[in-house]
Amino acid sequence: MATLIDGKDVAAKLRAQIAAEVETLDPKPGLAVVLVGEEPASEIYVRLKQKKCAEVGIESFKHELPEKTTEDGLLALIDKLNKDEKVNGILVQLPLPKHINKFKVMDAVLPEKDVDGFHARNIGLLVQGQQGLQSCTPRGVMALLKAYDIELAGKEVVVIGRSLIVGNPVAQLLMNENATVTICHSRTNDLSLYTKKADVIVSAVGRKNLVTADMVSEGAVVIDVGTVRDGTKLCGDVDFENVKEQCSAITPVPGGVGPMTIACLLENTLLAYKMQKGGA
Ligand code: NAD
């Protein structure tokens, strides 16, 4: 029976550390959250992020813009937030309406306030292995692996998914820890050929039962980033019930990577604050 990698527990400990450090700071770190349009899922995420900010003493400022907001209108708000000393981190909730170029928006946020780690400069620093702000979910995955002492150097890791938000940066972070990384994606011909050889599998796709027990080698570690609505329930990419009998450690969905994403957003906001004050 596999070890259950408890993201709720690791995230709670990380939040407690952040809260203790924030307590000593004056002024408090501030996070601006920008929401364009009325996507219900985004509204839920934004509310949760604000709630978690409040719990650790980080101030949050919510900016809601209508769906029809122009790209220039959004860029003007980002410019204002870039100049606002009370704002240490800026998060623009994705997805954005189609008429707005998300890359322009990502690169408009000052790199030192880019708590999502999406700015081209922060992605460059990640590739260089230098300190910058890194994408929250990939950081969360790495923090879970570290919390459970999962060795990465020299290990074969398969990342499924190549998005800019998860797959790509997590592969880079794993490589920075000296893992041998293979990235699989929607055009990979035989996914199981790769997963069967892996010591660690990180799946970030969003497809129920994509990873089944026959695709996982005995004793592998399985990190499930995927989130799929299954009726009223939430599930991941991995056939959890069967894969857990096969692997050595596994994250559940919910309660695995999800809580880590928000905890890492809070950690990034604190790090951004310290970088801006010259303390990091
Ligand atoms: P995305 O849609 O941008 O990327 C999905 C990736 O999966 C693509 O790179 C695609 O090539 C790959 N893919 C699609 N079908 C595939 C297949 N059959 N075999 C192999 N690869 C396939 O999504 P994303 O933003 O990277 O998110 C991925 C999943 O992670 C989603 O379910 C999302 O909801 C979830 N997610 C969870 C958290 C969290 O905090 N738990 C955070 C971010 C994303």
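Compute the angle between helix 71-83 and the longest alpha-carbon principal axis of the chain, please, reported from 0 to 90 degrees and rounded to the nearest 10. The angle comes out near 80 degrees. Compute the separation of the alpha-carbon centres of segment 151-192 and segment 252-269 and state it in Å as a whole number. Computed from Cα coordinates, the inter-centre distance equals 19 Å. By the Cβ distance rule of under 4.7 Å, the chain has these cysteines without a partner: Cys53, Cys184, Cys235, Cys247. Restricting to the chain, what percent of DSSP beta bridges are antiparallel, rounded to 5? Bridges in the chain are about 10 percent antiparallel. Distance from the alpha carbon centroid of segment 83-122 to that of segment 1-76 works out to 14 angstrom. Quick check on my link table: of Lys8/Lys102; Lys68/Lys274; Lys13/Lys51; Lys52/Lys155, which ones sit more than 24 Å apart, alpha carbon to alpha carbon? In this structure, Lys8/Lys102; Lys68/Lys274; Lys52/Lys155 exceed 24 Å between Cα atoms. A 1.4 Å probe, protein heavy atoms only, puts the accessible area of His185 near 60 Å². For Ser42, the shell of other residues with beta-carbons less than 11 Å away shows a net charge of -2, using +1 for Lys and Arg and -1 for Asp and Glu. What aspartates and glutamates does Lys113 reach when the alpha-carbon gap must be under 13 Å and sequence neighbours fewer than 8 apart in one chain are set aside? Cα-Cα hits under 13 Å: Asp79, Asp84, Glu85, Glu267.
Tell me, what is the percent relative contact order of segment 29-157, built from C-alpha pairs under 8 Å that lie six or more residues apart? The normalised contact order for segment 29-157 reaches 23 percent.
Could you work out the relative contact order of the chain, using alpha carbon pairs under 8 angstrom and six or more residues apart, expressed as a whole percent?
On the way: 551 pairs, mean separation 62.9, N = 280.
After rounding, I find 22 percent.
Provide Met260, Met275, Met175, Met142 ordered by accessible surface of protein heavy atoms (probe 1.4 Å), highest first. Intermediate results must be reported in sequence, preceding the final value.
On the way: Met260 0, Met275 60, Met175 95, Met142 30 Å².
Sorted descending by solvent-accessible area, the residues read Met175, Met275, Met142, Met260.
As a test, work out the antiparallel percent of DSSP beta bridges whose residues both lie in segment 124-279, rounded to the nearest 5. All intermediate terms of the calculation are to be shown ahead of the outcome.
Values: 3 of 19 bridges.
Percentage antiparallel, nearest 5: 15.
Placing a pseudo-label 7 Å from each Cα along the Cα-to-Cβ vector at Glu64 and Thr188 gives an inter-label distance of 4.0 nm. Normalised by the number of residues in segment 78-132, the average gap of Cα pairs under 8 Å and 6 or more apart makes the relative contact order 31 percent. Adding -39500 (n - 2.57) for every DSSP H run of four residues or longer, then dividing by how many residues the chain holds, sets the calculated 222 nm ellipticity at -12500 deg cm²/dmol.
The values are calculated or read from the model by the stated rules, or taken from the named source; none is laboratory data. Bear in mind that the values here come from a model prediction, so they are computed numbers and not experimental data. Note that each Cβ is placed from the backbone with ideal geometry, even for glycine, and that neighbours are counted across all protein chains shown. Protein only, heavy atoms only, side chains kept; ligands, DNA and RNA dropped before computing areas. Shrake-Rupley method; radii C 1.70, N 1.55, O 1.52, S 1.80 Å.
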